[in-house]
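Below you'll find the structure, written out as structure tokens, and then a few comments.
The values are calculated or read from the model by the stated rules, or taken from the named source; none is laboratory data. Model, not experiment: these values are computed from the prediction. Note that each Cβ is placed from the backbone with ideal geometry, even for glycine, and that neighbours are counted across all protein chains shown. The accessibility values were calculated without ligands, DNA or RNA, using every heavy atom of the protein model including side chains. Shrake-Rupley method; radii C 1.70, N 1.55, O 1.52, S 1.80 Å.
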Amino acid sequence: MGSLYMFVQTILSYQMQPKIHGKQVFWIRLLLVIWCGVSAFSMLTCSSLLYSGSFGADIVQKLHWNPEDKGYVLHMITTAAEWSMSLSFFGFFLTYIRDFQKISLRVEATLHGLTLYDTAPCPINNERTRLLSRDV
């Protein structure tokens, strides 16, 4: 699902250029999607070969591996591909930094009573109070 999310966001970033960001962001995201796809394909292929039954029935319950065990190489390739895929996710999410720097949020709080616990309306009309005031 993460790979699908990355793919859809890469297509959207292609359509958003150059209004939101430049071509560099799209190319970086495309490279990371390809990296993720290769990692996912390697992981799924090696793990399906590993669990096909050719290396014994106890593979599913095996927690500790030794280099002389059957299927050790496939297990290591699967593990490396899984870590590689997670690093591609991390790298992809880092590409959002520039997008989120362009967003600003402003919060305005209105006090409708003299205190937070009053149910009666405030006698002063249109009184606005800052949420984080430096004047206090």
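So, S84, is that one at pLDDT 80 or above and in contact with an Asp or Glu (Cβ under 9 Å, 6 or more places away or on another chain) or not?
Spelling it out, it is not the case that S84 is at pLDDT 80 or above and in contact with an Asp or Glu (Cβ under 9 Å, 6 or more places away or on another chain).
Identify all residues within the range 26-51 that are open to solvent by 30 Å² or more (accessible area, probe 1.4 Å) and at pLDDT below 90; write none if there are none.
S48, L49, Y51
Could you grab me the full set of residues in the range 1-31 that are of a type in the set (S, T, N, Q), within 16 Å of the chain's Cα centre (by Cα) and closer than 13 Å to Y96 by Cα?
Q9, T10, S13
Confirm whether S54 is at negative phi and open to solvent by less than 30 Å² (accessible area, probe 1.4 Å).
Taking the combined requirement at face value, the residue does not satisfy it.
If you scan the range 57-77, which residues turn out to be at pLDDT below 90 and surrounded by 12 or more Cβ atoms within 10 Å (Cβ to Cβ)?
Within the range 57-77, I59, K62, W65, D69, K70, G71, Y72, V73, L74, H75, M76 meet the criteria.
Cβ contacts < 9 Å: first residue in contact (Cβ under 8 Å) with a residue 24 or more places away in the chain and within 14 Å of S88 (Cα to Cα), restricted to the range 6-30; second residue small (G, A, S) and open to solvent by 30 Å² or more (accessible area, probe 1.4 Å), any location; separation 6+ or different chain. Result?
Going by the 9 Å Cβ cut-off, the qualifying pairs are M6/G37; F7/G37.
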